[in-house]
Each structure stands twice: as structure tokens, then as C-alpha cells.
């Protein structure tokens, strides 16, 4: 079910027309000589004064027409996993955090490889997260391979597809070579994509050198991309929603046009990560109501143009798991499902996407499940059903044992897990009166204990590690990756105890 939010047609006309004029008259700064040359070889020209590449409206419309309105993601074993398009909503963890809120100690600290492995093993079993993301940075590997290291940890601990990205110019190439090991060849990886890669516009209608190279590499490998401008309302974009949406749509359509000009038919998502810059606090909340309004506008524009969509929603900007986190996350999750956003990044995120929390991820999975349940297609019971059931009640019958209830309650009633409190007070007190944080942390530990390792050929892992360190001299030391159920306390604490202290073979 998709809710038709009443975005006036006039506003959508103004947004798209404004974006097209920006691209044609202002242009886009392309920070890569290689990409500029590719575009100019296909007839695009820079503005004589600014040097920005100008995008004529007819070329933009041609690029829009050549973009697929849906595509499929496949898991690491090559099986179809998720169809991206239409009004189908898929939730995935947020990305780009620098710290983790430790669910065992309550301390916010830099994240390590152990934290990331636990994240993957937790997310692998969460039923309402369709695929993974390289959610947060680890501080124990060289920056040159940090993005590929996180992908390696995903591929060796889960079969789920991944939303990722590269923070270096060579990052996509390295990660593509790794993913190709799970397919027959390069063409097979393009035919059965395992990941979506994020391409970020940096504001002021500019694509930086790394983003340009990442775009070229994704096009070369056939890897689906999501174009994700970080539109800061009131700082680098207008504070009013329609004008900000025009800025945002221009940034995305620039990426769309570059991609489709170089490789027509390439799969991509029309995305974004808007935030509202609050002048009094100098903060940029992504869960601000204005940012959600901007998301609604650009998603409506994207759907009118026929694109699959992506958005940063279902996240919290506060510092911990509290009422603010729940309110902001559920509001975003519900908005995403009701507007039919196809790929939703955000679960697990706190503190302006700087902090990731495994306990919040467990909570968010429940909130996303409820949002998905609310937005499911309604099925009619039949014209006479309500009347017949009313007669049952009045004749002294019981709906609890009626065949209608027995046949419909499994799909009609959503019963959340233990993270959400659904106990009566007596039962809750007998259980120790656990609060939300305690329930979420217990769910994390329960799922980590229940995690089942995936089967991975040792030769495949050896090849992955070779690609990881290729081109680096001297070869860096790679952190140990824990066996399942190894760490049961804070992995950075001196009191951490180990069970089965074995590690994966290092190449």
C-alpha cells in the first residue's frame, strides 16, 4: 500500500523545472579529468566562464528514459534476493558512522573489527532488514583498505547483499574484484549484482574526484549505484522545501545523466540524505521534520520520473536509545513505507549518523517490521463477512475460537519480539521489570549466540585476502576475526572472556 501524500502537481512541476534549468544554465563541477573527457567526447560542453559541465534538457530527459525502473539484487550464492522498484520497501542499516555505542557497557567509543563482525552476524538474522550495509568504520585497519575490509567482513559472515561505497579512488575496483569471486566472471556480477554502491554529490552542484572515479568504476563493472546528495537545508541549499528539492533533484539528475550517457540502461537509485541545518545549534539533524519533508518531495519527483528510490530514514539524531530515538526512527520508517521508498538506509544510527548501535538496530528491526505490516496490502474479507461475524457475537459465540480468527490472525496481527514490551505489568515485573535498553541489549546477545556461520571455501577466503592487500607495501597486518560466540563482554575490556579462542587463517 502506498499513501498518496498530497504533493501538489504544481510543486512537482516547479521542482523538476528548476532542476533542469540549474543543470542547463548553472551546470555541474566534475572533479575528475577522466570523467570530464568521457562526457565531452559524447558532446557535453563546459560553461565558458565557470568551466562547469552543462546538461541540456533533452540529454537529461534521454537519461531519465534509459534508466531501468527496477532491478534485482542477488545474494552471495547468486540467488535472487530483493527486487528494487515499484512501491516495495526494503530496509538496510545506515552507513558512515565513526563510533559505536557499546551495548554491553553503554560507552560510546571508536569501533573495531570485532564490533563490525558482531554487527554483520546480528543483521544477518534480523528479519526486517533486507540486506546489509558497511555501517560504520573500524579503526584497526589501514584507511586505504578500510572500505574493502568491511565488505570482506560482510561477505565472510553473511550471504545477504550489501549497500556500500568507497572513500578512496581505488576502492570500488578492489571491492568489485572481491565480489566477482562469488560469480562466474565480471559479466555474471553485472547480471547478478551483489551490492549497491553509493555515489555522493558534495553540494554546490559538484561531484568530487573520488565520487567521479567511483562512478566510472561502477559503470565499468555494472554495479548498481545510488546517487545520494547530502542536501543541507539552510547551509548549502535553500531553507524552503520546494527550492531545496529543486537543488536536490538537480544533483541527482546530474549523476543520472552522467551514468546513462556513459552506460545507457545502468541500474541506479534516485536517493538522498537530506538534513536541516539549524543555525542556533549548528547541528544538521537528518531526522528533522523539514528533512523528512524534503525527502517526501524528492521521492515524489523521482517516482513521477519513473526511478527506483532511496532515502535516509528510520534513524535517530539523539545520543542514546530513548523516546526521541524511537519517535524519530518510527516516523521515518512509517513515512518510507507509506511513500514507497525502495531502499531505506538508517536503522541502527544515532547522533547525526556519527554513532551506530547494535541494540538500536535490534529495536529498529522491530519498528521497521511494524511499519511494513501497517503498509501491507489490505485484503477484503467479503461483503457478508462483517455481518456474519456480528451475528456470531450476538448469538453468544466467541470470535477467539471462530474459524475466521483462526485463519486470519497469523498474518493480520503483528506480534513483536521481546524488544517491544507487550507483557502485562505482573508478567513484566516477574521478568525483572526490564527497560528498553536492557531488552534491546539482551536481544543482541541472544541473536549473536544463535548465529550460524556461513559455509565459505578456504581458497575463496584466501583470494579475498589477496585482493584486500594487493598493491600495498608492506602488506598490512589484518585484525583477527572472532569465531561465533567468542566475545561475551566488552571486546575492548581487559575482563573480556573467550570461548573457543580460534581465529580465521591469515593468508
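Derivation of every value follows stated rules applied to the coordinates shown; laboratory data play no part. Remember, predicted model here, so these are calculated numbers, not experimental data. Because the Cβ atoms are built from the backbone with ideal geometry, glycine has one as well, and the counts that use them run over all protein chains shown.
Observations on the structure shown:
- Packing-based ranking, highest mean first, of 257-268, 170-181, 445-456 given that Cβ atoms within 10 Å are counted: 170-181, 257-268, 445-456
- Between residue 280 and residue 414, the contour length at 0.36 nm per residue exceeds the alpha carbon distance by 44.1 nm.
- Within region 259-299: backbone nitrogen closer than 18 Å to the residue 66 label point (7 Å, Cα to C-beta): 259-270
- Between residue 105 and residue 191, the FRET efficiency estimated from the beta carbon spacing at R0 = 60 angstrom works out to 0.85.
- FRET efficiency, 1/(1 + (r/R0)^6) with R0 22 Å, evaluated for residue 422 and residue 376 via beta carbons: 0.65
- Computed from label points 7 Å out along Cα-Cβ, the spacing between residue 472 and residue 209 is 2.1 nm.
- Distance between region 326-399 and region 42-96 - C-alpha centres, whole angstrom: 29 Å
- Ranked packing of 39-52, 94-107, most packed first, by mean Cβ within 10 Å: 94-107, 39-52
- The spacing between region 293-310 and region 122-168, judged by their C-alpha centroids, is 27 Å.
- Peptides 199-211, 388-400, 277-289 ranked from most to least packed, by the mean per-residue count of other Cβ atoms within 10 Å: 199-211, 277-289, 388-400.
- Two-site FRET efficiency, residue 442 against residue 11, from Cβ-Cβ distance with R₀ of 51 Å, rounded to 0.05: 0.65
- Note: relative contact order over the chain, using C-alpha pairs below 8 Å and six or more positions apart, is 19 percent.
- Judged by the gyration tensor of its Cα atoms, with axes a ≥ b ≥ c, the chain is oblate; a/c meets the 1.5 cut and b/c is at least as large as a/b.
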